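One structure is given below, encoded as structure tokens.
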Amino acid sequence: MPESDTKRQTFEAEALPHLDTVYRVALRLAADESRAEDLVQETMLRAYRSWHQYTRGTNARAWLLTILRHTFINQYRKAKRAAVEVDIHQIESYTVFHDVQETDPEGAFFDTIVDDEVLRAIDTLPDGFRETLILSDVEGLAYAEIATITEVPVGTVKSRLFRARQALQRQLYDYAVEMGYIQRREA
Amino acid sequence: MTDEPRDTDCMEVLDRLYEYIDGELTPERAAEVRRHLDACAPCFRLAGFESAYVRFLEARTRGQHAPAALRKKILEQLLLEGSSSESP
Ligand SMILES: [Zn+2]
């Protein structure tokens with residue numbers, strides 16, 4: 001069997017099953033569908049061309065996400081993002097829980113917020129925080145994997161995830177209040 | 001010391017709460033947090049709220065899949081690459 005067939009077969013068996021993951025992460029990084037598709041194509045092509053550097057049976061998902069991230073940084077991050085970023089340093093309050101503990105301690109109001117609104121809110125997080133939250137909460141990666149992919153210490157992953165989740169929570173709460181899904185606590 | 005101020009415990013638990021929810025703590029550390037949550041109603045309620053929030057984020061963000069057309073394009077791309085070697 002020609003070498004290229006074997007290469008393609010192993011790539012299809014080990015890399016392609018992660019296409020949905022690559023796509024979802026690309027969507028949130030690029031915040032634009034057509035750019036995300038270009039980014040995914042570019043990533044999969046690069047991965048295929050450097051497939052000989054991948055050790056079979058290791059973490060193909062993390063390997064692909066690393067290539068995706070480098071591709072994004074090199075070619076796309078410079079381009080203007082459509083979304084307006086929140087200033088993550090403005091988030092002082094620890095958790096929305098303190099605002100809702102009397103009226104909605106179990107956070108039932110979250111269920112009133114639809115997928116698109118959550119994704120839109122994620123898109124407004126600053127880059128480093130957004131990618132950490134996506135890898136953790138959208139794709140379920142472990143802190144150590146995220147640290148490897150984003151090239152920061154595990155402690156940084158932990159603090160970024162904390163702040164990203166808190167900023168997002170505050171934003172979703174404000175949205176729910178604005179939509180009348182929940183009453184803001186009187187100060 | 002047996003009489004550690006309760007607040008210190010709570011602060012530690014708050015600091016580790018997401019690690020606890022994400023299953024990132026060692027079994028020993030997780031057991032410590034669990035013990036505190038069982039004994040401290042405010043932390044227990046907060047932990048419930050934050051777990052619900054994290055589960056909500058997961059449920060709301062994992063529904064998207066790569067479009068079939070994109071998958072097809074990539075497969076075609078691989079075929080075109082075909083026998084061309086690793087070097088560009
Ligand atoms: Zn406590």
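The values are calculated or read from the model by the stated rules, or taken from the named source; none is laboratory data. Because the structure is a prediction, the values reported are computed rather than measured. Cβ atoms come from the backbone with ideal geometry, glycine included; neighbour counts cover every protein chain shown. With ligands, DNA and RNA removed, areas are computed over all heavy atoms of the protein, side chains included. Shrake-Rupley method; radii C 1.70, N 1.55, O 1.52, S 1.80 Å.
Enumerate the calculated ³J(HN,Hα) couplings along the stretch A:159-166 in order (Karplus 6.51 cos²θ - 1.76 cosθ + 1.60, θ = phi - 60°), each rounded to whole Hz, writing x wherever the residue is Gly or Pro.
For the stretch A:159-166, the Karplus curve yields 6, 5, 5, 4, 5, 5, 5, 5 Hz.
For chain A, set up a Gaussian network in which alpha carbons nearer than 10 Å are linked by springs, and say which option among A:Thr112, A:Thr71, A:Thr95 fluctuates the most.
Among A:Thr112, A:Thr71, A:Thr95, the largest mean-square fluctuation in the Gaussian network model of chain A belongs to A:Thr112.
Which positions within the stretch A:28-71 get 30 Å² or more of their accessible surface covered by the other protein chains, compared to the chain by itself, with a 1.4 angstrom probe?
A:Glu37, A:Gln41, A:Leu45, A:Tyr48, A:Arg49, A:His52
Report the convex hull volume per residue for the stretch A:22-69, counting only C-alpha atoms, in Å³.
On the way: hull volume 2.6 nm³, N = 48.
Convex hull of Cα atoms, per residue: 55 Å³.
Ranked from highest to lowest mean number of other Cβ atoms within 10 Å per residue, what is the order of the peptides A:45-53, A:116-124, A:22-30? Could you put the intermediate results ahead of the total?
Details: A:45-53: 15.4, A:116-124: 18.0, A:22-30: 24.1.
The densest-packed peptide leads the list: A:22-30, A:116-124, A:45-53.
Can you list the residues in the stretch A:11-26 whose accessible area drops by at least 30 Å² when all protein chains are present, compared with the chain alone? Use a 1.4 Å probe, heavy atoms only.
Those are A:Leu16, A:Leu19, A:Asp20, A:Tyr23, A:Arg24, which lose 30 Å² or more relative to the chain on its own.
Positive end of the charge dipole of the stretch A:90-187 (Lys, Arg +1 and Asp, Glu -1 on Cβ, about the Cα centre): tell me which of A:Tyr94, A:Ser136, A:Met179 has its Cα farthest that way.
A:Tyr94
Report which residues of the stretch A:130-144 become buried by 40 Å² or more of accessible surface when going from the isolated chain to the complete set of protein chains (1.4 Å probe; DNA, RNA and ligands ignored).
Output list: A:Asp137, A:Val138, A:Tyr143.
Rounded to whole Hz and in sequence order, give me ³J(HN,Hα) for the stretch A:123-131 from the Karplus expression 6.51 cos²θ - 1.76 cosθ + 1.60, θ = phi - 60°, writing x for Gly and Pro.
My calculation for the stretch A:123-131 gives 5, 8, 6, x, 2, x, 6, 4, 5 Hz in order.
What net charge is computed for the residues neighbouring B:Ile74, neighbours being all others with C-beta under 14 Å from the C-beta of B:Ile74, Lys and Arg scored +1, Asp and Glu -1?
On the way: positive: A:Arg8, A:Arg46, A:Arg49, B:Arg71, B:Lys72, B:Lys73; negative: A:Glu12, A:Asp20, A:Glu37, A:Asp38, A:Glu42, B:Glu76, B:Glu81.
Summing Lys and Arg as +1 and Asp and Glu as -1 gives -1.
Could you compute how much accessible surface B:Lys73 exposes when probed at 1.4 Å, giving the result in Å² to the nearest 10?
Its accessible surface works out to 90 Å², give or take rounding.
Mind checking how much accessible area A and B bury in total, 1.4 Å probe, in Å² rounded to 100? Kindly include the intermediate steps, with their values, before the conclusion.
Working: alone 10740 and 7750 Å², together 14170 Å².
Result for this pair: about 4300 Å² buried.
Given a 1.4 Å probe and every protein chain left where it sits, what share in percent of the accessible area of chain A is carbon and sulfur? It would help to have the intermediate numbers written out before the result.
On the way: 4220 of 8690 Å².
The computed percentage sits at 49.
When the helices in chain A are scored as -39500 (n - 2.57) per DSSP H run of 4 or longer and the sum is shared across all residues, what 222 nm value do you end up with, to the nearest 500 deg cm²/dmol?
On the way: 9 runs with 106 residues, N = 187.
Estimated from H runs of four or more residues: -17500 deg cm²/dmol.
Would you be so kind as to identify which of A:Pro105, A:Thr150, A:Ala36 lies farthest towards the positive end of the dipole of the protein assembly as shown, taking Lys and Arg as +1 and Asp and Glu as -1 on Cβ and the Cα centre as origin?
A:Ala36
Modelled label-to-label distance, A:Gln41 and B:Lys73, 7 Å Cα→beta-carbon offset: nm?
My value for the distance between the label points is 0.4 nm.
Carbon and sulfur: what percent of the stretch B:7-86's accessible surface (1.4 Å probe)? Let's see the in-between values first.
Numbers: 2440 of 4480 Å².
Carbon and sulfur together cover 54 percent of it.
Hey, got the dipole for the stretch A:87-187? About the Cα centre, +1 on K and R Cβ, -1 on D and E Cβ, debye to the nearest 20? Please list the in-between numbers first.
On the way: 9 positive and 20 negative charges, 73 e Å.
Charge dipole of the stretch A:87-187: 360 debye, to the nearest 20.
Which one of B:Thr61, B:Leu37, B:Met11 has its Cα pushed farthest toward the positive end of the charge dipole of the protein assembly as shown, where Lys and Arg give +1 and Asp and Glu give -1 at the Cβ?
My answer, from the dipole projection, is B:Thr61.
P(r) of the stretch B:29-87 in 10 Å steps, Cα pairs, percent per bin?
P(r) for the stretch B:29-87, in whole percents per bin: 18, 22, 17, 13, 15, 14, 2.
Nearest 20 debye, what's the magnitude of the dipole of the stretch B:7-86 about its Cα centre given +1 on Lys and Arg Cβ and -1 on Asp and Glu Cβ? Write down the numbers at each step before the final one.
Numbers: 11 positive and 15 negative charges, 129 e Å.
Computed about the Cα centre, the dipole is about 620 debye.
Please report, to one decimal in angstroms, the Kirkwood hydrodynamic radius of the protein assembly as shown built from all distinct Cα-Cα pairs.
Evaluated on the protein assembly as shown, it is 20.6 Å.
Mind jotting down the distance between the C-alpha centroids of the stretch A:38-57 and the stretch A:139-153, whole Å?
Measuring centre to centre over Cα atoms gives 19 Å.
Send over a whole-number figure in Å² for the accessible area per residue of the stretch A:88-178, probe 1.4 Å.
Working: 3530 Å² over 91 residues.
Here the per-residue accessible area is 39 Å².
Might you report the magnitude of the Cβ-based charge dipole of chain A about its Cα centre, with Lys and Arg at +1 and Asp and Glu at -1, to the nearest 20 debye? Could you put the intermediate results ahead of the total?
Working: 23 positive and 31 negative charges, 187 e Å.
In debye, rounded to 20, chain A gives about 900.
Leaving out ligands and nucleic acids, note down the accessible area per residue over the stretch A:3-76 with a 1.4 angstrom probe, in whole Å².
Values: 3020 Å² over 74 residues.
Dividing the accessible area of the stretch A:3-76 by its residue count gives 41 Å².
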